[in-house]
Amino acid sequence: MRNMSVDISTLTQAPAPISDRNGGGDAVADFLASVRGLTADLYRPNRAVYWLDLCAGAAIGYTALAVATYGSNPVLRLVCGIVAVFALYRAVMFIHELMHVRRGAVPGLWTVWNALVGVPLLLPSFMYEDVHRLHHSKARYGTRNDPEYLPLVRAGLPTIVALLFGSLLAPVLLFVRFAIIAPLAAIVPAVRRVMIERMSSLVINPEFRRAMPAPAAAVRWIVLEAAGVLYVWTALALLATGTLLLSSFLTAIAVGAGIAFVNQVRTIVAHRWESDGHATDAVGQLLDTVNVPPPALLPALWAPLGLRYHGLHHLLPALPYHNLGKAHRRLIAELDPASPYHRTLNRTGYDAFRRIARGAAAHAAPQSRPA
């Protein structure tokens, strides 16, 4: 076993630009072979873990939301609102697992997740299906065709701030989408085309335009779309009759906004955002991503389901979330401390965010010119 004593401070310095990291084919092949060999036995998902985790997160989240909505003690309501945000956020992030776990490996997960979380929170799985996979494509990652990527370091701090606080509007925009746009799209083809292209994907790249769904996915899409429309119009009917209080509705919107904001924080911290817009290899993609492993504790809340190991996930996207920690420990113990994997390590999410913010500020600063 290699020496596990690694000084993280020496590994979180900004690496060379991604465009300069490719090459050294033999070294890259050896590195990837080592990674695959060390993790080959970790690909089987544990169904019990999936079900217990999902159901516990949803149960805790909805219970906390109920107390936050109807409780009499203001402090208790606030505390339960925060609990609801993080518990439901964890349940929401199973949408990411739906995209990566092998179909049929956890039977019923797609249906139960959509019924329990996706439709009630207006985040049905079609909003992520077939879109997230593009983000992992070596031909698309970090390019203008990547739906989940923006060159934030070059874009600057205003773009980062806009992404963060703009996410607070997500619940309202989703509600409008399902209450008004989706019914209109059902009868006006032009509206439906725009809705699918620009209003049906969880992305941050404003230039991304989604293709029309394949026939095999169209039926599932229509079912979930109809369920979402029925759900929001039921809520509106309950509001109109006074059965659902406006304060209760606004509390749910606030919890949804909290979920969206936490997820946007995680999104911004998950990458270095240093791509020059060109396609890169597996190692280049790895080096543009971030791991925030233990002993940091807070990432368990804002980057749940193994997303604190985002660099590892990009390296091994099919690895079940509950095995990412075990895989990480093996790689740290066995790989050379100078390996590309070690360069993804960060002590805290704040360290990763500060590096991005500093890079954005430096890029925006006027460059001195020689006299």
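Taken over segment 330-359, the criterion of being in a loop (DSSP other than H, G, I, E, B) and farther than 10 Å from Val290 by Cβ is satisfied by Leu335, Asp336, Pro337, Ala338, Ser339, Pro340, Arg347, Thr348. Taking the condition out of contact with any Pro (no Cβ under 9 Å at 6 or more places or on another chain) and assigned by TED's automatic domain parsing to the domain that holds Ser167, does Gly228 pass? When the stated conditions are applied, Gly228 does not pass them. Tally time: how many residues in segment 314-329 are assigned to a helix (DSSP H, G or I) and modelled with pLDDT under 95? The total comes to 2. Scanning segment 288-306 for residues that are surrounded by fewer than 22 Cβ atoms within 10 Å (Cβ to Cβ), among the aliphatic types (A, V, I, L, M) and touching a residue at least 40 places away in the same chain (Cβ under 8 Å) yields a total of 3.
Please pick out the residue among Val117, Val75, Val153, Val83 that is within 18 Å of Trp273 (Cβ to Cβ), not in a loop (DSSP other than H, G, I, E, B) and not acidic (Asp, Glu).
Sole residue among the options that is within 18 Å of Trp273 (Cβ to Cβ), not in a loop (DSSP other than H, G, I, E, B) and not acidic (Asp, Glu): Val153.
Pairs only if they're at least six apart or on different chains, beta carbon under 7 angstrom, first in segment 334-346 and among the hydrophobic types (A, V, I, L, M, F, W, C), second surrounded by 16 or more Cβ atoms within 10 Å (Cβ to Cβ) and part of a loop (DSSP other than H, G, I, E, B); list them, first residue then second. Matching pairs, first to second residue: Leu345/Leu11; Leu345/Thr12; Leu345/Pro293. Entry remark, segment 226-254: residues being touching a Ser or Thr at 6+ places or on another chain (Cβ under 9 Å) and either of a type in the set (Gly, Ala, Ser) or crowded, with 19+ Cβ neighbours inside 10 Å (or both) number 5 in total. Being in a helix (DSSP H, G or I), farther than 30 Å from Tyr149 by Cβ, of a type outside the set (Asp, Glu) and out of contact with any strand residue (DSSP E or B) (no Cβ under 9 Å at 6 or more places or on another chain) is true of Ala226.
The values are calculated or read from the model by the stated rules, or taken from the named source; none is laboratory data. Since we're looking at a predicted model, the values are computed, not measured. Every residue, glycine as well, gets a Cβ built from its backbone with ideal geometry; the counts of neighbours run over all protein chains shown.
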